[in-house]
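The values are calculated or read from the model by the stated rules, or taken from the named source; none is laboratory data. Everything numeric in this text was worked out from a predicted model, so none of it was measured. For neighbour counting, all protein chains shown are included, and Cβ atoms are generated from backbone atoms with ideal geometry for every residue, glycine included. Accessible surface areas use protein heavy atoms only, side chains included; no ligands, DNA or RNA. Shrake-Rupley method; radii C 1.70, N 1.55, O 1.52, S 1.80 Å.
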Amino acid sequence: MRLQLLVTLVIAAVSGVTLAQEDAPVSMLEKQYRQAAYAFYTEDPYQAVQHLDLAPEQDARSLLLKAGLLLQIGMPQQAADVLEKVLGDKQGAELPTELRQLAMLQYSRYLYQRGDVAAARNYLAKVNNSNLVAGQQQQLQQLVDWPNIQVPAEPDFDGLSTHPEMPYIISNQLLQIAKNGDPARAMQWLDALIAQVETTIEPMFWRRWFGFTPPWLATDTAEQQGVRDYLQVLKAQLFIQQQDFASAQTVLSEFPQQSAFSEMALGLYAQVLDELRQVSPLLAVYQQRIRKHPYSFDSWQAANNIGRQLELSGDAASALAAYQWADDYYQQQLSANRALQPLTLVQLAKAELSQWQLYQVGQEPQLFQLQQDLSQLQQLAGLSPSQQKRLQHLQKVVQIKLDQQQQLLESQLPRLQASYQQLSSEQQRLNNELVTQLQLPFAPALLTGDAFKQQQRIEKAQRLLSNLSQAKAQGATVQVDITKQTRRLQLLTGISQWQYAFAKADREWQIKKELNQINQLLPKISEQLRALTAAGDATPRLKAQQQQLLALSQQQQQGLAAVNQQQQRLLAEFNQQLQQRADEQYLQLTELARINKQAMARMMEDQLLQAEPKS
């Protein structure tokens, strides 16, 4: 929840900047950041990380978001590397102060959970006192300083209304007071804390409507009940420390059996009943412990203690039967212990853990953390194929764009340029023909085929008649009727002129039609050329994206290999710790079985001695 809070605060902290820059050009980093934020809100942190990796550069807020996402998906070492860079870099100064403080606090908590207490204390010291993180800061400070924690003169009950960690902080302080030899003062603190917690619950039904609920009460019901139960267990411990076993019994007799602290409460209850010598309820508590927590050391001791209590009470037959039952119980536990097998990744994925293994995971924080890490790594490995498929799709898209860009540069652009030049030349030629050729009496361009031959014959006939007329005028004898041939030639010339005028009008119409089409096409081609020229050559950018996707694909493959190696390493460590606990418990069970056999043998020997006839 805290890691998700960290990511949520990162997004919230920059939302104002993003909204203020909506009108400004959006950078590639901003685009990928927004997509990562959307993926996070849709509960897809793996996709969110990939969006951030696709950004060409990173800033402080994107790196902090990436660190939170890496923590969320179970890659703590990678997250730690990013966080250390952000928090120790000048880039970190760009972050809002409260967000930087919270990030520093979360990183310190991570270091503590990983066992690096010195580094955790170092980063925690850099967190300024802020009301936003005061509760988390105090609680973590207690953890890194335990058991030498600071105790104020008076408990900070005012903090209960603002920080959900305060009940636990005050509880640790009063435990320190009791450890220092002042259980009475610790009890005063505890009574006051219980009163503060209980009296705050009643008016919450009404205050909740006005947003006045203290944070720790605003959590779920299990958390609220857990606070109450924990305080009751502490109260019983303090009563026992003060030798007030009757009061401790009163507290523990009303303790809820389904509480998360029931095992601790049952242990204290058994101790109190043993001190008060209330055998019947004590035996019932022993049996309840064995039934509810069959794999705990206290339950194994309880199996032998049943016989011991019956023996002390003088019921030899019942004591022997109890010892015999305990012997069978120990043998069953020893057999189950030796039958344990190392777990596989498939078993972990299907949650196929035995009851003993589940109990160990619930009792040992390191085992629990290993199981969580393995589960997250398995989920990450399962999503890797889909992520790789998406990268391959993006690579195909970029390749298609590159092909289109290549086609544009090698084919489309030159073709458009050639078309523009060709149309421009044709436009100039048609304009020239319209202005010059069509203004001539007989434009040669319009005299083609039979019309051209006819015009040539007419011109030849005109020259011949002209020569004959000149010869006749000079007194030569001409046998041709010049007048008649002249009229005939004029008739042919008129027909030719009419045909020419018709052809000229038709040609002029065709030229204007072609010019109109060209005038419409040229601006369109010009606009396409302008747009293509303005767009520039996208090849360098696309090739950079292609290289980036290739690097991400290789990184994804390397990451998957690293995840698989990490899974094997954590699985080996998980099985090793389970086996180590199994070996330790085997020795404990063997020792308890030996003690129980000795008690059983003693009881049988006593019965034999009592059965022998007196001489």
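Brief remarks follow.
- Within the accessible area of the stretch 268-332 (1.4 Å probe), percent carbon and sulfur: 48 percent
- Per-selection Rg to Rh, the stretch 546-615 - Cα, Kirkwood hydrodynamic radius: 1.69
- Distance from the C-alpha centroid of the stretch 118-194 to that of the stretch 32-67: 36 Å, rounded to the whole angstrom.
- SER424 paired with SER469, simple spin-label distance in nm, labels 7 Å along Cα-to-beta-carbon: 5.2 nm
- Pairs of lysines in the stretch 459-528 (C-alpha under 20 Å apart; 8 or more residues apart or interchain): 7
- Computed from the C-beta positions of PHE368 and GLN404, the FRET efficiency with R₀ = 56 Å rounds to 0.55.
- Theoretical gain in end-to-end length, ASP116 to ARG594 [0.36 nm per residue, Cα-Cα removed]: 168.0 nm
- With the simple model of a label 7 Å out from the Cα in the direction of the Cβ, GLN287 to LYS524 spans 9.7 nm.
- The C-alpha radius of gyration of the stretch 267-383, expressed as a fraction of 2.2 N^0.38 Å, stands at 1.41.
- For the stretch 295-374, the solvent-accessible area of protein heavy atoms averages 49 Å² per residue (probe radius 1.4 Å; ligands and nucleic acids excluded).
- Extension gain, GLU573 back to TYR586 (0.36 nm per residue minus Cα-Cα distance, nm): 2.7 nm
- With a Förster radius of 60 Å applied to the C-beta separation of GLN555 and ARG185, the computed FRET efficiency comes to 0.55.
- The slack between GLN324 and LYS543, meaning 0.36 nm per residue of separation minus the straight C-alpha distance, is 70.9 nm.
- Simple label model, 7 Å out from Cα along Cβ direction - ARG415 to ALA195, nm: 9.1 nm
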